[in-house]
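Below you'll find the structure, written out as structure tokens, and then a few comments.
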Amino acid sequence: MLFCIYLIILINRNLQSAMNNRFTIRILITFVLLSIITSAQGYRITIEQAEEAERILLNFRSGLLEGKVDKFTEDLDSKTYLSLANGVAGYFSSSQASNVLQDFIKTNIPLEFEFFSMKTRTFYPFGSANIKYTVKGARKSSQVFISLKPAGNAWKISQITIN
């Protein structure tokens, strides 16, 4: 990118002489366009990455509904933010977050979980859902928000909100 700026300055300085040489202009334009295209390729989300993000979100859903937090424990980030309907909020290691979520679903027994929004073709995938659960026999509902972040070549759950 810095080189592109340098080229623009160089072109402006030597615009008069560069205009006389069409070949030089074509080479510069081609180089600038190739630089832009190749730098933009590093910022694309592949279909495989989007599918992996969706798999993690769906595993989270099924893990909660089945009461099996271990279905998505490996997908938790080493520093996951939790904000739960029982008042628990803060950053937790993956094992702490797993234990906190397991305790939560023991007392807040999930009945239904339905995503109403899921964005996986983005640099920070997320899902929003409605959850219905029982607490001491009373039915309650909350909204759920799960966000992922890149971690090397994988996605990790970075935030879970159930409020």
| Which one of these does residue 154 not meet: (1) without any contact (Cβ under 8 Å) to a residue 40 or more places away in the chain; (2) surrounded by fewer than 17 Cβ atoms within 10 Å (Cβ to Cβ); (3) under 18 Å from residue 70 (Cβ atoms)? | (1)
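Let's see how each residue does on (1) of a type in the set (D, E, K, R); (2) over 13 Å from residue 148 (Cα atoms):
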site	(1), (2)
52	yes, no
60	no, no
64	no, yes
69	no, yes
73	no, yes
92	no, yes
96	no, yes
99	no, yes
| field | Filter result for the condition that a residue is among the β-branched types (Val, Ile, Thr) and surrounded by fewer than 14 Cβ atoms within 10 Å (Cβ to Cβ), over 107, 80, 73 | value | 107
| request: Scan region 117-150 for residues that are loosely packed, with under 13 Cβ neighbours inside 10 Å and either under 19 Å from residue 77 (Cβ atoms) or outside the structural domain of residue 60 (by TED's automatic domain parsing) (or both) and jot them down. | output: 122, 123
| said: Among the numbered criteria (1) in a strand (DSSP E or B); (2) in contact (Cβ under 8 Å) with a residue 24 or more places away in the chain; (3) touching a strand residue (DSSP E or B) at 6+ places or on another chain (Cβ under 7 Å), which one does residue 104 miss? | reply: (1)
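The values are calculated or read from the model by the stated rules, or taken from the named source; none is laboratory data. These numbers were taken from a predicted model, which means no experiment stands behind them. Virtual Cβ from ideal backbone geometry, glycine too; neighbours counted across all protein chains shown.
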